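Structure first, then comments.
Quick note: the coordinates plus some simple rules give every number you see, no bench work behind them. These numbers were taken from a predicted model, which means no experiment stands behind them. Every residue, glycine among them, receives a Cβ derived from its backbone with ideal geometry; neighbour counts consider all protein chains shown.
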Amino acid sequence: CAPYVLPGATDSFYLRKIGIESYGVSLLSPEFPTNLLKTVHGDNERIDIKSMEIKTEFLYRLAKKYLS
């Protein structure tokens, strides 16, 4: 599975303006249907459960590493 570049925006733009380094991450499962990529940040936006599990695990481990 190759990385995707998707248009969109986050609040990190404003954080970077005041000197706070910010990064975004969107992890999708290999089984995520590529035809649903067009729904990202659009009407009827959705994600599959496996992708949600992957991102939840990633964020949990990230928080545990840096907040412990």
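Please compute the net charge surrounding A63, taking Lys and Arg as +1 and Asp and Glu as -1 over other residues with Cβ under 13 Å from its Cβ. Mind dumping the intermediate values first?
Details: positive: K55, R61, K64, K65; negative: E57.
Here the charged neighbours net out to +3.
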Checking the cross-link filter: which lysines have an alpha carbon closer than 22 Å to that of K64, excluding same-chain neighbours under 8 positions apart? K50, K55
